[in-house]
Amino acid sequence: SEIDDFNNFKTSSIVYIDPDDGDYIVKVISFGDILVFFKTSSTYVMTGDPAAGTGSVSIRKVDNRGIVAKLSAVVCNSNVLIYLSSSGFLAIDRSGSTQPIPVSNDIQDVIDNMNAVNLSSVVAAYDQDDKCYMASCPQILKSAYGGVSHSTDNVNDGCLVYNMVDGTWGMWPG
């Protein structure tokens, strides 16, 4: 749109992300020089310069998994984007391929024990000092203490913490 004209767009400024797939965009993240579009069942990356016209923009589907918790998507160290998909936590490394890779294989049993309906309540942040991705999740107490939870299933009662330096996961109940 033109400056201070938020309601009128040139048709050449509109970009469609697979509009006929029956899915919708849940979250968009600016990640360095790319935009990442998350739908519920797929992930797309846009590169190029939209100001130069639609011919200079490339949009490609990078994964058939989308995002289940829109507040789980966090850029870490400006080079890695981590988010929760239907199959666990995935990472996109901007310095290499933009193909998402699984990073939660070691804690997949914990993720699988969470109520799938409540996974959308996962909220994450990045601790720059400790270089850790921290995801506040439901049912962590249940996983930490052998199936006993002191909270309802839909309350985030602990954190899953991914150490970006050594690639290990930890669990912080409470």
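Assorted remarks:
- Between 102, 77, 59, the Cα set farthest toward the positive side of the dipole of the range 1-106 (charges on each charged residue's Cβ, about the Cα centre) is that of 102.
- Note on the chain: GNM, Cα springs under 10 Å; of 102, 138, 19, the largest mean-square fluctuation is that of 19.
- Choice from 48, 96, 88 showing the highest fluctuation, given a GNM over the chain with Cα pairs closer than 10 Å: 96
- Close amide-amide hydrogen proximity is noted between residue 94 and 80, 81, each under 5 Å apart and 5 or more residues distant or on a separate chain (H modeled in the peptide plane; Pro and chain starts excluded).
- Of 10/39; 39/70; 27/70; 39/142, those spanning more than 18 Å from alpha-carbon to alpha-carbon: 10/39; 39/142
- Remark on residue 104: its backbone amide H falls under 5 Å from those of 89, a criterion applied only to residues 5 or more positions apart or on other chains, H modelled at 1.01 Å from N.
- Taking all protein chains together and rolling a 1.4 Å probe, residue 168 ends up with roughly 60 Å² accessible.
- Each eigenvalue of the Cα gyration tensor of the chain, multiplied by 5 and square-rooted, gives one semi-axis; in descending order these are 33, 17, 14 Å.
- Contact order relative to length of the range 86-135, as percent, for alpha carbon pairs under 8 angstrom and 6 or more apart: 22 percent
- Rounded to whole numbers, the Karplus 3J(HN,Hα) couplings from phi for the range 84-93 are 9, 9, 5, 10, x, 7, 10, 10, 10, 9 Hz, using 6.51 cos²θ - 1.76 cosθ + 1.60 with θ = phi - 60°, and x at Gly and Pro.
- Heavy atoms of residue 44: accessible area, 1.4 Å probe, square angstrom to 10: 10 Å²
- Using a Gaussian network model of the chain in which every pair of alpha carbons under 10 angstrom is joined by a spring, one finds that among 120, 86, 78 the greatest mean-square fluctuation is at 78.
- Each of 65, 60 has its accessible area taken with a 1.4 Å probe; listed largest first, they run 60, 65.
- All aspartates and glutamates inside 15 Å of residue 61 as judged from Cα atoms, apart from same-chain residues fewer than 8 positions distant: 18, 20, 21, 23
- Computed on the chain, with alpha-carbon pairs under 8 angstrom and 6+ residues apart, the relative contact order is 12 percent.
The values are calculated or read from the model by the stated rules, or taken from the named source; none is laboratory data. In this text the structure is predicted, and so the values were computed from the model without any measurement. As a convention, Cβ positions derive from the backbone with ideal geometry for all residues, glycine included, and neighbour counts pool all protein chains shown. These area figures cover heavy atoms from the full protein model, side chains too; ligands, DNA and RNA do not enter into them. Shrake-Rupley method; radii C 1.70, N 1.55, O 1.52, S 1.80 Å.
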